[in-house]
Amino acid sequence: MSSDKNFTDNQLVTISSSFGKKLKVTVFGGSHEPQIGVTIHGLPEGILIDFKKMEQFLSRRAPGNSIFTTPRKEPDTPVVEAGLMNGKTTGEPLTIIIKNTNTRSGDYSALRDIPRPAHADFTASIKYGDTINMSGGGPFSARMTAPLCIAGAIALQLLEDLGISIGAHLYSVGDVQDTPFDPVTAGETDFSPLRESAFPVISPEKGSAMQSVIKAAMAEGDSVGGVVECCAVGVPAGMGGPMYDSIEGHLAQIFFGIPAVKGIEFGNGFAGSLLKGSQNNDAFCIDNGEVRTLTNNHGGILGGISSGMPLICRLAFKPTPSISKEQQSVSLSRKENKKLMITGRHDPCVVIRAVPVVEAAMAIGLLDLLLSK
């Protein structure tokens, strides 16, 4: 993964970040810049892109559609700038942008000097000074997941043609945990209802309890974190490699680019550290002529290589740093302690809108591995 700075005379710097091997994805722009966008290198020529499906996918992460998300309303209409002709890819880099239309940079004017705790304000000021627009979080904002979802929507369409399906849900919010995916039998019938839900959980009862946790935090001017569980089925055995060529490492690089992600586990993850080998090992069996495992504590990955079982991971998201409660900070210019009250529009729980973002990241990573074989 790389980050680049593009300088223009008398203008702020535009930050871009890239990842991928055969399929290279570059996300650029900032939360309150005129536009954000993505450039994708490595897409085969002649692929027909379904923009209706893309817009439906983007609507799942769009803000302003629930009391549990930021009220900032953006249409998130994708606009193709290069790489497409008659609806099909040309083989050249594909660039798609989204215009930012509902910015309120004035909400963030005081934060140029007083950094928000747990946010990138302080570290960005050390690295970039005043050369980038940090309003709304700038290039560190969750707004940057919109172009990531554009790339993900394309990857999901291509994976669907290859028989690979991806789904995700709210695994937990605060201390309330949803019913997990069945690690052996999870599939498209489990994923489809979640895509249609504004609050994607498997258990409605747990979903109601999660909403109560978020409402309680909102009433206190606070926020809450959570975990997204993602599953891919139909992934062929043999993808990936040992050590630094592992599927886990390849996907983790993309997952950690999602703002607020602070932890990732695959399969049984940290819970496996509490078990004995005899409990954690997955016995092999023959099922309809195919080698499979009776259980799936390994989450579909053995030795960094896909086993053919459902590929399962979970991503931990920290609570939204921007809260309404008074917090302790500092004045960077005066070098003195300061109290901070944050205004503006913020998600009380970023995990809700993160569900399709995780699906997008998983899809891009898997497609890149397939194209690199």
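Some points to look at:
- Net length gained if the chain between Ser372 and Leu275 were fully extended (0.36 nm per residue, minus Cα distance): 31.4 nm
- Translational diffusion of the stretch 311-373, µm² s⁻¹ [Kirkwood Rh, Cα pairs; Stokes-Einstein; 25 °C; 0.890 mPa s]: 160 µm²/s
- Placing pseudo-labels 7 Å out from each Cα toward the beta carbon at Asp222 and Ser59 gives an inter-label distance of 3.5 nm.
- Solvent-accessible ranking of Lys325, Lys215, Lys52, Lys318, largest area first, probe 1.4 Å: Lys52, Lys215, Lys325, Lys318
- With each label modelled as a point 7 angstrom along the Cα→C-beta vector, the Tyr128-Val330 pair spans 2.1 nm.
- The GluC sites (Glu not before Pro) of the stretch 150-211 that DSSP puts in a loop, and whose beta carbon has at most 15 other beta carbons within 10 Å, are Glu196.
- Within the chain, the longest run free of exposed loop sites, counting chymotrypsin sites (Phe, Trp or Tyr not before Pro) that sit outside DSSP helix and strand states (H, G, I, E, B) and have at most 16 other Cβ atoms within 10 Å, spans 8-255.
- Among Ser212, Ser141, Gly225 the positive-end extreme of the charge dipole of the chain (Cβ point charges): Ser141
- The chain, helix-only ellipticity at 222 nm - DSSP H runs n ≥ 4, -39,500 (n - 2.57), divided by all residues, nearest 500: -8000 deg cm²/dmol
- If you run the Gaussian network model on the chain, springs between alpha carbon atoms under 10 Å, then out of Ser141, Ser192, Ser223 the most flexible one is Ser192.
- Listed residues Gln327, Phe57, Leu159: farthest to the positive end of the dipole of the chain (Cβ charges): Gln327
- When a 1.4 Å probe is rolled over the protein heavy atoms, the share of accessible surface on the chain that falls to carbon and sulfur comes to 53 percent.
- Relative contact order of the chain, defined on C-alpha pairs under 8 angstrom at six or more residues apart (%): 21 percent
- Loop-resident trypsin sites (Lys or Arg not before Pro) (DSSP state other than H, G, I, E or B) in the stretch 237-309 with no more than 15 further Cβ atoms inside 10 Å of their Cβ: Lys276.
- Under the span-like rule (Cα at least 30 Å along the axis, Kyte-Doolittle mean at least 1.0), DSSP H helices of the chain: 351-372
- A Cβ-based charge dipole, computed about the Cα centre of the chain with Lys and Arg at +1 and Asp and Glu at -1, lands at about 1020 debye.
- Three principal axis extents of the stretch 123-219 based on alpha-carbon atoms, in descending order, are 51, 42, 21 Å.
- The residues packed around Thr179, meaning those with a beta-carbon under 14 Å from its beta-carbon, carry a net charge of -3 if Lys and Arg are +1 and Asp and Glu are -1.
- 4 °C / 1.567 mPa s Stokes-Einstein diffusion coefficient of the stretch 256-373, Kirkwood radius on C-alpha pairs, µm²/s: 71 µm²/s
- Exceeding the 32 Å Cα-Cα cut-off - candidates Lys53/Lys206; Lys206/Lys276; Lys22/Lys262; Lys21/Lys335: Lys21/Lys335
- Semi-axis lengths, Å, the stretch 234-277, gyration tensor of Cα atoms, sqrt of 5 times eigenvalues: 19, 18, 10
- Net charge contributed by nearby residues that have their C-beta within less than 12 Å of Gly29 (K/R +1, D/E -1): +1
- The simple Förster model, with R0 at 22 Å and r as the Cβ-Cβ distance, assigns Thr189 and Glu290 a FRET efficiency of 0.65.
- Annotation for His41 and Tyr244: the two label points, set 7 Å from Cα along the Cα-Cβ direction, are 1.9 nm apart.
- Convex hull of the stretch 111-165 built on C-alpha atoms - directionally averaged projected area, nm²: 5.1 nm²
- Coarse-grained scattering of the chain at q = 0.11, 0.12, 0.15 Å⁻¹, given as base-10 log I(q)/I(0) from a Debye sum over alpha-carbon atoms: -0.79, -0.93, -1.39
- Enclosed volume per residue, in Å³, of the convex hull spanned by Cα atoms of the stretch 188-329: 164 Å³
The values are calculated or read from the model by the stated rules, or taken from the named source; none is laboratory data. Quick caveat, the model's predicted, so the values are computed rather than measured. Heads up, the Cβs are rebuilt from the backbone with ideal geometry, glycines too, and the neighbour counts pull from every protein chain shown. Calculation scope for accessible area: heavy atoms of the full protein, side chains included, ligands and nucleic acids excluded. Shrake-Rupley method; radii C 1.70, N 1.55, O 1.52, S 1.80 Å.
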